[in-house]
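Below is one structure, written out as structure tokens; comments come after it.
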């Protein structure tokens, strides 16, 4: 980044689409780190924290949430055009989120059941990640994101470096913290072998299987893991259910869940 750019305060914008705001709260939870960043960064748009807004262009935009309405499909184009770097934060922005469960069913049926006047609802048939609509410079996984990783990404991009986040599965985090494998020791179903690291392996540390909050790891061998689950007594419907959670529409999870759903006849 040029010296002239470093001399001024860089504009950071945070945008919300279809989401629960949890990843934005992770940014607010950074507290001490944010104070250090405040010397170099001007918060130009962050409605979770302040009503004050500054017009773009923006040096860095953090985007939470998926695209679920025609209005948001147009709005994300505007955000991209106004941003030098655009980083998606969380499972909703990276993979469509829990709301992507609509992708496997008829949305019109859902709206007719939930809303008294479905005609007033303007929504898309699918919940899609930000990258399905615009170019994304970096995707940060998690539900919610890991705040240490979030600060790493923000700091790296604002200093002109490439961000670095782990690409290994959750199983590596279990090994590092000395957690006994819940699948091997107790036959507890766990998505750790096929899930991207970042959470610190919290669930296995408390004797529970990984829920896949950080999405599929690189080259996940879902068929092999599912075979182990079935050998331990799990049903195909149970496999479909666990794959269709926070990252249901992530391509490896979506394809595998559809295959096991079809295999049930």
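Tell me, which residue of region 57-81 that is more than 17 Å from residue 18 (Cα to Cα) and touching a residue at least 60 places away in the same chain (Cβ under 8 Å) is farthest from the chain's Cα centre (by Cα)?
Top of the filtered list is 59.
Please tell me if residue 116 is over 22 Å from the mean Cα position of the chain (by Cα) and either at pLDDT below 95 or not in a loop (DSSP other than H, G, I, E, B) (or both).
yes
Please work out which one of (1) under 21 Å from residue 74 (Cα atoms); (2) touching a strand residue (DSSP E or B) at 6+ places or on another chain (Cβ under 6 Å) is the condition residue 141 fails and give its number.
Every listed condition holds for residue 141 apart from (1).
Pairs needed: first member in region 92-110, on the phi > 0 side of the Ramachandran plot; second member anywhere, surrounded by 24 or more Cβ atoms within 10 Å (Cβ to Cβ) and part of a helix (DSSP H, G or I); C-beta distance under 8 Å; at least 6 residues apart or different chains.
97/91
Sort out for me the helices (runs of 4 or more DSSP H) sitting completely within region 1-80 that have 3 or more residues that are more than 29 Å from residue 122 (Cα to Cα) and at pLDDT 95 or above.
Answer list for region 1-80: none.
Out of 13, 44, 52, 38, report the one residue that is more than 30 Å from residue 254 (Cα to Cα), free of Cβ contacts under 8 Å to residues at least 40 places away in the same chain and crowded, with 19+ Cβ neighbours inside 10 Å.
None of the other options fit; the residue is 44.
Where the second residue is loosely packed, with under 15 Cβ neighbours inside 10 Å and not in a helix (DSSP H, G or I) and the first is free of Cβ contacts under 8 Å to residues at least 24 places away in the same chain and lies in region 153-179, which pairs have Cβ atoms under 8 Å and are six or more apart or on separate chains?
156/162; 156/164
Identify the residue in region 162-185 that is in a loop (DSSP other than H, G, I, E, B) and within 22 Å of the chain's Cα centre (by Cα) and, among all such residues, is surrounded by the most Cβ atoms within 10 Å (Cβ to Cβ).
Here the answer is 165.
The values are calculated or read from the model by the stated rules, or taken from the named source; none is laboratory data. These numbers were taken from a predicted model, which means no experiment stands behind them. Note: ideal-geometry Cβ built from the backbone for every residue, glycine included; neighbour counts use all protein chains shown.
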